[in-house]
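To start, the structure itself, in C-alpha cells.
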Amino acid sequence: MKKASDIREEFQAFFESKQHTRVPSAPVVPQDDPTLLFTNAGMNQFKDVFLGTGKRPYTRAADTQKCLRVSGKHNDLEEVGFSPSHHTFFEMLGNWSFGDYFKEEAIAWAWELITGVWKLPKERVWATVFEGDESDGLDADEEAEKLWKTVTDIPANRILRLSKEDNFWEMGETGPCGPCSEMHFYVGDDPASQADVPDLDGEDYVEIWNLVFIQFNRSTDGSLQPLPEKHVDTGMGFERICSIIQGVKTNYDTDLFLPIIAAISEITKQPYNAENQVAMRVIADHIRTLAFTIADGALPSNEGRGYVLRRILRRASRFGRNLQMQEPFIHKLTDVVTEVMGEAFPELIEKKDHIARVILAEEDGFGKTLDRGLEIFEEVSKTGQVSGEDAFRLYDTYGFPIDLTQLMATEKGITVDEAGFEQAMQAQQTRSREAGKKTFASQEVMEEGFLPDEHSEFIGYETLETDSKIVAWQPAEDGQVDLYLDVTPFYAESGGQVGDRGCISGNGIEVDVHNTFKQGEAIVHRGRIVSGDQDVLRDIVVTAAVDVGARISAARNHTATHLMHEAMRQILGEHVHQAGSLVTPDRLRFDFTHFEGVTPEQLQEIERIVNDVVRQDLAVDISYADLEKAKEMGAMMLFTEKYGDVVRVVRVGDFSLELCGGTHTNSTGQLGLFQVTQETGTAAGVRRIEAVTGLVAEGRVRAQRDVLADLEVQLSAQVNELPEKVSLLLTQNKALERELQALRREQAGSEMDELVHSAQDVNGLRVVAADVSPSDMDDFRDMGDGLRNALGSGVGVIGATLDGKASIIAVVTDDLISRGIQAGTVVKAVAQLVGGGGGGRPHMAQAGGKFPEKIGEALAQVPSIVRAQLEG
C-alpha cells in the first residue's frame with residue numbers, strides 16, 4: 001500500500017516537473033486576515049494576488065495547505081465521525097497559475113497525474129463542467145468541455161454539465177470568480193453498472209479534485225467583467241485521494257488515521273469496533289485539529305477562534321466518556337499525531353510539548369465543568385425537553401457548547417429548544433457569524449489603474465515628516481477618506497502595534513489621520529477632512545506628518561515588550577512564547593504561554609530586570625539579515641508569522657534579539673520607567689501582562705503616591721504603618737460581621753417561632769407558608785434554617801422578593817421525609833406558580849421565579865400541595 005507521505009510528495013514533485021514553485025503551507029491560524037477565523041481553503045494565502053493587491057515572485061505554485069472547517073459557511077463539524085470523508089482539519093493539495101497557464105494545461109495535468117502517475121482506473125473517473133447561467137448571461141463552458149475531449153481520453157459520455165451551484169466558484173459576494181471543472185471517482189463495486197447520468201452526490205462517488213478557472217470579477221452591482229489576467233486555482237482533498245489510492249473504504253482507514261485510532265484504543269483499553277467507531281473517529285479527527293491549531297498559535301478561550309478550539313476539545317472529551325475515560329487522556333495523543341504528520345509539518349515536532357500541556361490544562365479544567373454540567377443537564381432534561389433558557393444556562397454558566405447539549409439530548413431521546421437557545425444567543429451568534437464568514441468586502445478588488453506602479457513606500461523608520469503626493473483616494477465609512485501616498489512616514493498597524501496617527505496637509509486640504517493600516521501592499525491613511533475640498537485630493541503634493549508624541553510613546557511600549565518577553569523567559573522559563581500583543585501609545589498588552597498565574601514575587605522580579613536594563617541605557621540596534629542567518633543568530637521569532645527571505649532584526653545590547661517590523665526607541669533609557677499594571681489569565685495555558693512606560697508610568701506612580709498620602713491622613717498613620725493599620729481594621733470588621741450574622745440568626749429564629757405559632761393543620765401536619773423580608777440571600781437561607789428548627793415536625797415554605805425576582809425556600813423535617821414529603825417536590829410546585837423552577841435536597845430546597853408579585857398567591861397553595869403529596 002502506498003504511504004500517504006509518498007502520495008503527498010508525488011503530487012508536489014509532479015508539479016515541480018511542470019515548473020511550479022513548491023510553497024509552504026500558510027498557518028492554519030491566519031495572522032493577516034481578521035475576517036477569517038481559520039484558513040479554510042488553499043486559496044487563502046493567495047487572496048491578495050486574486051484581489052489585485054499583491055504579487056508573488058513566481059507565476060506557478062503547488063502546495064499542501066493546512067485547512068480547518070468548523071465555522072461559518074464552511075462547517076463540517078457535525079459530519080465528523082459519521083461521514084467517511086468529512087473532517088474538521090484536512091490537507092488541501094493544490095496547484096496554481098497566476099496569469100500563466102489556463103484551462104488546457106490544468107485539465108491535461110490533472111488527468112496525467114490521476115490516471116498516469118497514480119494509475120487510477122479511467123473507467124471510474126467522471127468530469128463536470130459549468131452548464132451556463134442565464135441570470136449572469138453566461139454560456140456553458142464549452143472550452144473546458146472540448147479540452148476534456150481533446151487533451152484527455154475520458155469518454156465524452158462521462159463529461160457532465162452541472163449548474164452554477166456546483167460548477168461556478170466565487171470568492172465572496174464580490175471579487176474574482178469563474179467556472180470550475182470537477183473530477184469525481186466511482187468507489188462502488190462494479191464500474192460497469194454506473195448509470196448514464198449518475199448521482200455524483202451519492203455514496204458511490206467521491207469528489208477528488210476541483211479545477212477553478214478564475215476569469216471574471218463580480219462587481220458590487222452583481223455584474224461580471226472579464227479579468228485582465230486569468231488564474232487557475234485547484235484543490236484536492238488529501239485524505240480523500242489517499243483513501244482511493246490506498247484502496248480503503250473511508251479516510252479513517254488510511255495510514256493518516258489508523259495509528260491515531262490504534263493509540264486511542266490502547267489508551268482507553270477499548271476495541272475499535274462498531275460500538276466505539278464514531279467516538280474514536282471523532283477523537284482522532286479532533287486531536288489533529290487541536291495539534292495543528294495550537295502549534296500555529298491558537299489557544300482555547302471563550303471567544304473567536306479560541307472558543308472553536310475549546311468547543312472541539314470538549315466534544316472530544318465528551319466522546320471520551322463514551323469510551324469510559326473519566327481522566328484526561330487526549331493530550332497523550334500528541335505523540336502519535338507528531339509521528340504521523342511531523343515529517344511534513346515540523347512545527348508539530350517543535351511545539352509537541354507545548355501542544356500537550358495546553359490540551360492537558362484544558363482537559364483538567366473541563367473535567368470539573370463537565371461533571372457539574374452533567375448534573376445540571378440531568379435535572380433540566382427530566383421534562384422531556386431541554387428548554388432554550390436551560391440550554392443557554394448550560395452554555396453561559398457551565399461552558400457547554402450547544403452541540404454538546406444536543407449530543408447528550410439525542411442520547412436520551414429528547415430534544416433541545418434550539419429556537420429558544422438561538423434567541424438567547426442572538427448577540428453572540430451574530431458576532432460569531434460575522435467573524436467566521438468568508439467575506440472579502442473589506443478588501444474590494446482594486447480597479448486596474450486605481451494605484452500607480454509606485455506607491456506606499458514606507459520611510460517612517462528614518463523620518464516622521466515628509467513631502468508626499470496623494471496618488472489615490474476613496475471615501476471610507478462614516479464620512480471619512482482613505483488616502484494613498486507615494487511615500488509615507490506613517491507606520492501601518494502590524495505586529496500588534498497600532499497604526500500611526502497624525503496630519504496630512506497642503507494645497508488647501510488638511511486631513512486628520514487617526515488610523516493607518518495595510519490593504520495588500522498598499523498603506524491606507526484613514527482620517528477626516530478638517531478643512532478643504534475632497535475634489536482636490538488626487539495628485540497633489542502634501543506634507544505627511546506623524547504625531548511625534550504618540551509615535552515615541554508607542555515605540556517605548558514596543559521596546560518594552562521585547563525586554564519584558566526576555567525577562568519572563570528568564571524568570572518563568574523558556575517555554576514562554578508570545579501568544580498575542582497590543583502596543584499603543586498609552587500601554588502595552590502581552591499574551592504569553594504559561595500554565596499558572598504569575599506570582600507577585602515573579603512580577604516584581606520581571607519588573608526589576610526590565611528597569612535594570614532601562615537604567616543601563618543599552619543601544620537598540622536595527623539591522624537586516626537573511627532569514628536563515630537570523631535563525632543562526634538565535635533571534636526570537638513568532639512561529640505563526642510569515643517572514644520573507646530578508647528580515648528586520650531588533651537587538652537590545654546582549655539582552656534581547658528578535659525579528660520585528662515595529663518601531664522602537666534608540667536606547668532603553670528612553671523608556672524612562674517600566675511598570676506592570678495587571679496580570680490575568682485569558683485562556684487555559686495563556687496569561688496576559690499589561691504594563692506602561694514613560695510619562696504614563698510616571699503618572700501612575702504619582703497617583704499611587706497621592707492615594708498613600710490620603711490614606712495616611714484618613715488613618716492617622718505613616719506609610720510604613722499602613723499595612724498593619726489596614727489589617728487591624730479588616731480584623732475588626734470581620735468580628736463585627738460575625739456578630740451581625742449571629743444577631744440575624746437570633747432574630748430569624750424569633751421570627752420563625754412566631755410563624756410556627758400560626759401554622760396551619762394539614763391532615764394532622766403542621767404547615768407554615770409565609771412571605772418574609774430578608775436583607776439578602778444569606779439572611780433568607782438563615783430564615784429557612786430557623787424555620788426548620790422551630791417546626792420540630794412539619795413543612796415550611798417562605799417566599800421573598802430579592803433583586804426583583806421571586807425566591808422560594810421549602811423545608812421538611814426528617815420525620816416527614818420518610819412519609820413521602822420532599823422539599824424539592826414542594827418547592828418545584830410552588831416555583832411553577834411564580835414562573836420559575838428549582839430543586840434541592842429532601843429536607844431543604846430553593847427555587848426562583850420571574851413573577852415576585854405572585855408570591856402570595858403561590859404561598860396560599862402550599863397546604864394543597866402538601867395535601868396532594870400525602871394523598872399521592
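The values are calculated or read from the model by the stated rules, or taken from the named source; none is laboratory data. In this text the structure is predicted, and so the values were computed from the model without any measurement. Neighbour counts are summed over all protein chains in view; Cβ atoms, including those assigned to glycine, are modelled from backbone coordinates with ideal geometry. Ligands, DNA and RNA are stripped out before the accessible areas are found, and what is left, the full protein with its side chains, is counted by its heavy atoms. Shrake-Rupley method; radii C 1.70, N 1.55, O 1.52, S 1.80 Å.
Within the same chain, lysines fewer than 8 places from K149 are excluded, and of the rest, those with a Cα less than 27 Å from its Cα are K18, K103, K119, K122, K164, K230. Across K368, K351, the residue with the most accessible area heads the list, and the full order at a 1.4 Å probe is K368, K351. Distance between the modelled labels on E632 and R161, one decimal in nanometres: 6.1 nm (7 Å Cα→Cβ projection). Under the criterion of Cα pairs below 8 Å and six or more residues apart, the relative contact order for region 642-759 equals 11 percent.
Among the protein heavy atoms, those of L394 account for about 0 Å² of accessible surface (1.4 Å probe, every chain in place). At 1.4 Å probe size, with the rest of the protein present, what percent of the exposed accessible area of the chain is carbon and sulfur atoms? Within the chain, the accessible surface is 46 percent carbon and sulfur. Heavy-atom accessible surface of T415, to the nearest 10 Å², is about 80 Å², with a 1.4 Å probe and all protein chains retained. Here the chain is treated with +1 on each Lys and Arg Cβ and -1 on each Asp and Glu Cβ, and its dipole about the Cα centre works out to around 2000 debye. For F50, the accessible area of its heavy atoms, probed at 1.4 Å with every protein chain present, is near 10 square angstrom. With contacts taken as Cα pairs under 8 Å at a separation of at least 6 residues, the chain carries a relative contact order of 7 percent. For the pair N733 and S623, a Förster radius of 56 Å applied to the C-beta separation gives a FRET efficiency near 0.40, rounded to the nearest 0.05.
The residues S163, S623, sorted by heavy-atom accessible surface at 1.4 Å with ligands and nucleic acids left out, run S623, S163 from largest to smallest. The protection proxy used here, the mean number of other Cβ atoms lying within 10 Å of each residue, ranks peptides 834-842, 270-278 as follows, highest first: 834-842, 270-278. On a per residue basis, the chain carries 46 Å² of accessible surface, using protein heavy atoms and a 1.4 Å probe.
In percent, rounded to a whole number, the relative contact order of region 508-601 is 19, using alpha-carbon pairs under 8 Å and six or more apart.
The distance between label points at L715 and S773 comes to 3.8 nm (points 7 Å beyond Cα on the Cα→Cβ vector). Per-peptide packing, taken as the mean over residues of other Cβ atoms within 10 Å, places 800-809, 113-122 in the sequence 800-809, 113-122 from highest down. Using the Karplus relation 6.51 cos²θ - 1.76 cosθ + 1.60 with θ = phi - 60°, the per-residue 3J(HN,Hα) values for region 647-661 come to 10, 9, 10, 10, 10, 10, x, 9, 8, 9, 9, 9, 7, 7, x Hz, with x marking Gly and Pro. Report note on the peptides 557-566, 355-364, 212-221: ranked by the mean count of other C-beta atoms within 10 Å, highest first, their order is 557-566, 355-364, 212-221. Which of the lysines could a cross-linker bridge to K368, judged by Cα under 24 Å and excluding same-chain residues fewer than eight apart? Within the straight-line limit of under 24 Å, K368 reaches these lysines: K269, K332, K382, K412. Among R738, R587, R569, R281, the sequence by solvent-accessible area, most first, with a 1.4 Å probe is R738, R587, R569, R281.
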